[in-house]
Amino acid sequence: MEKCFFSADILLPKTDFDKWAVIACDQYTSEPEYWEEVKKTVGDCPSALNLILPEVYLSDDNTARINKINANMQKYLKDGILNEYKQSYIYIERTQNDGRVRKGIIGMIDLEAYDYSPDSKSAIRATEKTVISRIPPRVEIRKGAPLEIPHVMLLVDDDENILIGSIEENKDNYKLLYDFKLMQNSGSIKAFLVNKEDNALIEMSIEKLSKKHNDLTFCVGDGNHSLATAKECYNQNKTELSRYSLVEVVNIHDTALDFEPIYRVLFGIEPEKVIADFKQYCKNLSGSKKEYRCIYGDKEQTFFVNSPEVQSVATLQNFLDEYLKENKNVTLDYIHGIESLKKLCKKENSLGFIFKGIEKGDLFKSVCSDGSLPRKTFSMGHACDKRFYIEARRIK
């Protein structure tokens, strides 16, 4: 098995980390007020907010925003607001909103070792089916950018904690790079620069873990479409810099890492009619019973229907795909967290679906045996605990 995870030339801001760091762009997509608050917090300070395009602002023509993003990247590089740490790994400790600490290692992967096709046998695989239509807008953002500032999180199946455990033991010997509170009640984060002599510990551990699942080394936990975009950009312009992508690696057995379902909310519908249509759709299916809880306004319905798929979300998504084809004016959003879903479902003509998600201990086995799961199957933790944009890397 060829090596697929490497140290990287990592860029970090010199000051004002609390203004620089912002949450992943695919969060709070139906809550523009969250992003407006981010703007107020950042003000005129240099920030990752100025280097990304939050999906809440995506439109048919993003040209002006993309040009501004690229110009901001060039300005930050020219103004010298970033420090570069050559051929480095960074050890991360993220204190979540609930007080638990999630640990990770930042480096870069070889995109030659990543394949997002559903039946991939590569060392790095997508956990969920990639929505091809979501890639082109991201390509437009990345292809002209001199920097990447990703929110990609890869999972490794390390029940003995040999990878991150060996680095955590030595953290007192490492340089502290940052330690600060994250905005909007998202906890805090600190990072350490791994000593060069310990780089070999990381690389040997990953080599050992790659043999555990027939050379499946990493599953993509968060940022699947961002990574697919990096791969597509590399395919279009193969250079030494574009061949790699910055990621954080997290142990799937980390006790602070929870798998939660990504729920569905429909807008512009008659809730009770959609529920009846879904029940009718499932009448013709065989398989085991799956439970669904529907919320609309101040009402709730809980019911069981037949489902041939292992995961509850698969049956629901199959129904929704057909429903949306026939109802072009209806919109669908993917929501992290029951409270956010309830809030959205108070709007008139909206309907939320709640269901049981996948157990994280089954993920690697499932990907090995069945390939990619349905898109947007699970989320790792609450929205406020998602990866923040902090580290960057030159890609041109």
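Quick notes on this one:
- Note on region 203-307: with charges restricted to the Cβ of Lys and Arg (+1) and Asp and Glu (-1), its dipole about the Cα centre is near 500 debye.
- Computed as a quarter of the hull surface, the mean projected area of the alpha carbon convex hull for region 263-396 stands at 11.0 nm².
- About its Cα centre, the dipole of the chain is roughly 640 debye, where the only charges are +1 on Lys and Arg Cβ and -1 on Asp and Glu Cβ.
- Contour minus Cα-Cα distance for N161 and E112 (0.36 nm per residue): 15.0 nm
- Filtered trypsin sites (Lys or Arg not before Pro), region 158-234: DSSP coil and at most 15 other beta carbons within 10 Å: K211, K212
- Seen from K346, the other residues with C-beta closer than 14 Å to its C-beta sum to a net charge of -1, counting Lys and Arg as +1 and Asp and Glu as -1.
- Two-site label geometry, V310 and D215: point separation in nm, points 7 Å out along Cα→Cβ: 2.2
- Here region 153-242 has an Rg and Dmax of 16.3, 43 Å, counting Cα atoms alone.
- Panel note: the C-alpha atoms of region 36-76, placed on their principal axes, show extents of 28, 25, 11 Å (largest first).
- Within region 63-80: backbone nitrogen closer than 18 Å to the L241 label point (7 Å, Cα to C-beta): 67-80
- Per-residue 3J(HN,Hα) values for region 51-66, derived from phi via the Karplus relation 6.51 cos²θ - 1.76 cosθ + 1.60 with θ = phi - 60°, read 10, 10, 10, x, 5, 4, 9, 4, 9, 5, 10, 9, 4, 4, 5, 5 Hz in sequence order (x marks Gly and Pro).
- Over the Cα atoms of region 337-396, the radius of gyration divided by the Kirkwood radius equals 1.10; this is the Rg/Rh ratio.
- Listed values for region 286-297 are Karplus-derived 3J(HN,Hα) couplings in whole Hz (6.51 cos²θ - 1.76 cosθ + 1.60, θ = phi - 60°), namely 10, x, 7, 7, 10, 9, 10, 10, 10, 10, 8, x, and x replaces Gly and Pro.
- The loop-placed GluC sites (Glu not before Pro) in region 123-230, going by DSSP, that have at most 13 neighbouring Cβ atoms within 10 Å of their Cβ come out as E160, E169.
- With the convex hull constructed from alpha-carbon coordinates only, region 73-145 shows a mean projected area of 8.1 nm² over all directions.
- Considering only Y296, A276, T315, and ranking their Cα positions along the charge dipole of region 251-328 that arises from unit charges at the beta-carbon of Lys, Arg, Asp and Glu, the one farthest toward the positive end is A276.
- In region 229-339, Rg over Rh equals 1.11, where Rg is the alpha-carbon radius of gyration and Rh the Kirkwood radius from pairwise Cα distances.
- With every protein chain in place, the chain: carbon and sulfur % of accessible area (1.4 Å): 47
- Using alpha carbons only: equivalent-ellipsoid semi-axes of region 195-246, gyration tensor based, whole Å: 25, 16, 11
- When the chain is described by a simple charge dipole with +1 on each Lys and Arg Cβ and -1 on each Asp and Glu Cβ, the residue from C384, S210, N329 located farthest towards its positive end is N329.
- Our estimate of slack between Y57 and L176, defined as 0.36 nm per intervening residue step minus the Cα-Cα distance, is 39.3 nm.
- Considering helices alone, the calculated mean residue ellipticity of the chain at 222 nm is -8500 deg cm²/dmol, with DSSP H runs of length four and up weighted by -39500 (n - 2.57) and normalised per residue.
- Eigen-decomposition of the gyration tensor built on the alpha-carbon atoms of region 108-257 gives equivalent ellipsoid semi-axes of 26, 20, 16 angstrom, largest listed first.
- Each principal axis of the chain carries a Cα extent, and these read 61, 48, 42 Å when sorted largest first.
- Ratio Rg/Rh [Cα only; Rh per Kirkwood] for region 242-291: 1.22
- Computed over region 1-107, Kirkwood Rh from alpha-carbon pairs, angstrom: 16.1
- For region 169-216, accessible area per residue (1.4 Å probe, heavy atoms of protein chains only), Å²: 57
- In this Cβ point-charge picture (+1 for Lys and Arg, -1 for Asp and Glu), region 99-172 has a dipole of about 520 debye about its Cα centre.
The values are calculated or read from the model by the stated rules, or taken from the named source; none is laboratory data. Because the structure is predicted, anything quoted here is derived from the model rather than measured. Counting neighbours? That spans all protein chains shown, and the Cβs are built from the backbone with ideal geometry, glycine included. For accessibility, only protein heavy atoms count, side chains too; no ligands or nucleic acids. Shrake-Rupley method; radii C 1.70, N 1.55, O 1.52, S 1.80 Å.
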